[in-house]
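Right, one structure below, let's go through it.
The values are calculated or read from the model by the stated rules, or taken from the named source; none is laboratory data. Since we're looking at a predicted model, the values are computed, not measured. No Cβ is skipped: glycine too gets one built from the backbone with ideal geometry, and neighbour counts run over all protein chains shown. Note: accessible area is taken over every heavy atom of the protein model, side chains too, but ligands, DNA and RNA are not part of it. Shrake-Rupley method; radii C 1.70, N 1.55, O 1.52, S 1.80 Å.
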Amino acid sequence: MNKKIDNKEAKTYFIRTYGCQANEHDSEKISWILENIGYVSTDNMEESDLIIYNTCLVRENAELKVYGQLGALKNLKRRKPDIMIAICGCMMEREEAREVILSKYDHVDIIFGTKNIHKLPQLINRYYQTGKTVIDIVEDDREIIEDIGANRKYSFKAYVDIMYGCNNFCTYCIVPYTRGREKSREPENIIDEVKDLASKGYKEITLLGQNVNSYGNTLDYNYTFAKLLREINKIDGIERIRFMTSHPKDLSDELITAMAELDKVCEHFHLPVQSGSNRILKAMNRKYTREDYINLVDKLKKAVPDIAITTDIIVGFPGETEEDFKETLDLVERVRYDSAFTFLYSIREGTYAANMKNQIPDDVKHERFQRLLDTLYPIFYENNIPYKDKVVDVLVEEVSKNDENVLSGRTRTGKLVHFQGSKDLIGKIVDVKIDEIKSFTLEGYKI
Ligand code: SAH
Ligand code: SF4
Ligand code: F3S
């Protein structure tokens, strides 16, 4: 947990994080590093001494948001020139983005990447000594740095990195260019980290990697993700184990069996499909067919009763025809997802698909996107019907944003539940009886 300001002399920092869990967890590490050199966290950006933006560029709108916010900081820096402004994260791994920052946003003082966050104290010093913009980006030959801790946002659930980078090069995706090649952490280091979290009272852990199913491939000995889950399942105190993200091409029977057998592994599988058309899946370089995918879902549903399946879908990949899109709708109807992240295809310069000739016009993308949502939402609702009048275990996470008497938490299947209760239940697992269901949430009362 962040230490809040308790000492007026100490320098303060403010971090804003864009993007996925990998970035959120990197920000927790940056916060730990800064607090080790005496900085304290603040929510008041304008009054802070150091502002850090941890950026994402997976889609164009993620990037535009960062530029918008950076533009707004120009005035602040003019009024308070002593505020140090640093940008890091995936955007900074791209030379094009760094050039934009250097030419249009010269109020930025420090630029660093995703593979060298441990160097931040040095970079801050260098800036103080020279007063000049510091840029530090490393090539992808780094060793995994094990001695960085993390100031985790919650005291009861935690992210744990199990691997870094990605080797898959899906043709639409920029991540392999910003996070480098895949590399697995040693299992002992992961297990020690989880044991330490358990001893501090953490109940839920989420194992992070761009493709957790290929965990172990870069180790010098045979070791698999399923084996890692079995080891973590033995750790006393941990009650729930989650993981993200899984690539269907590497989902093994060994993993499905482990999920079925291990009591702490939650009954939820996030399995990005991206498209239901074999032609498009091939063009995306996903290396599985719709039939392979449906077969995996069937196996998972059979092995783990009541499992929730969620996914990511891209609409409007170059060359996607009405027929291809209908295949996606058909797959969605067949799999019956519990939830899905849906995206309009966004051109990412430097990826293979960015240069494909047959880009889809925006109006067609939007029209298909709407039809996809119209298909998905009733399915989400239908999947929630069996929860009515059931009692579910909920790990209470926070006070609801809309009503301070209402708490929100999640079931093992990842469903968001709202119920009345007091703040001291946060971090506990409680029984909630569901009395109302919606497409995106369940409502109930504590029993
Ligand atoms: N490694 C994870 C996800 C990383 S990015 C995986 O393979 O599943 C998260 C999601 O963003 C992807 O699953 C994809 O659906 C979406 N995405 C990535 N690049 C995109 C692009 N160029 N346009 C639209 N969506 C994209
Ligand atoms: Fe991107 Fe594909 Fe790697 Fe996921 S698996 S990060 S979508 S390249
Ligand atoms: Fe994540 Fe965005 Fe980087 S999705 S890996 S923060 S490009």
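If we only count strands (runs of 3 or more DSSP E) wholly inside segment 124-219, which ones have 2 or more residues that are over 27 Å from Ile238 (Cβ atoms)?
Result: 134-136.
Consider Ser275 carefully, then state whether it is within 16 Å of ligand 1 (Cβ to nearest atom), closer than 24 Å to Asn222 by Cβ, within 23 Å of the chain's Cα centre (by Cα) and open to solvent by less than 20 Å² (accessible area, probe 1.4 Å).
no
Give Thr178, Thr218, Thr206 a once-over and let me know the one that is of a type in the set (S, T, N, Q), surrounded by fewer than 19 Cβ atoms within 10 Å (Cβ to Cβ) and within 16 Å of ligand 3 (Cβ to nearest atom).
The match here is Thr206.
So, in segment 62-112, of the ones that are among the small types (Gly, Ala, Ser), open to solvent by less than 10 Å² (accessible area, probe 1.4 Å) and closer than 21 Å to Glu28 by Cα, which residue ends up farthest from the chain's Cα centre (by Cα)?
Applying the first criterion (among the small types (Gly, Ala, Ser)) to segment 62-112 yields 62, 68, 71-72, 86, 89, 97, 103.
Now drop any that are not open to solvent by less than 10 Å² (accessible area, probe 1.4 Å), which leaves 86, 89, 97.
Among the residues that remain, those that are also closer than 21 Å to Glu28 by Cα are: 86, 89.
On the way: Ala86: 22, Gly89: 13 Å.
Ranking the candidates gives Ala86 first.
So for segment 126-148 (the condition being among the aromatic types (Phe, Trp, Tyr), more than 21 Å from Cys266 (Cβ to Cβ) and surrounded by 21 or more Cβ atoms within 10 Å (Cβ to Cβ)), does at least one residue qualify?
Looking for residues that are among the aromatic types (Phe, Trp, Tyr), more than 21 Å from Cys266 (Cβ to Cβ) and surrounded by 21 or more Cβ atoms within 10 Å (Cβ to Cβ), one finds none in segment 126-148, hence no.
What are the pairs with Cβ atoms under 6 angstrom where one residue, in segment 294-321, is under 19 Å from Ala353 (Cβ atoms) and assigned by TED's automatic domain parsing to the domain that holds Lys357 and the other, located anywhere, is open to solvent by 30 Å² or more (accessible area, probe 1.4 Å) and outside any strand (DSSP E or B)? Sequence gap at least six, or different chains.
Val315/Phe369; Pro318/Met356; Pro318/Asn358; Pro318/Gln359; Gly319/Asn358
Tally the residues that are touching an Asp or Glu at 6+ places or on another chain (Cβ under 6 Å) and under 20 Å from Tyr39 (Cβ atoms), restricting the search to segment 77-113.
Within segment 77-113, residues that are touching an Asp or Glu at 6+ places or on another chain (Cβ under 6 Å) and under 20 Å from Tyr39 (Cβ atoms) number 3.
Restricting attention to segment 229-254, and to residues there that are within 27 Å of Phe156 (Cα to Cα), within 16 Å of ligand 2 (Cβ to nearest atom) and of a type outside the set (S, T, N, Q), which single residue is least open to solvent (accessible area, probe 1.4 Å)?
My answer is Phe243.
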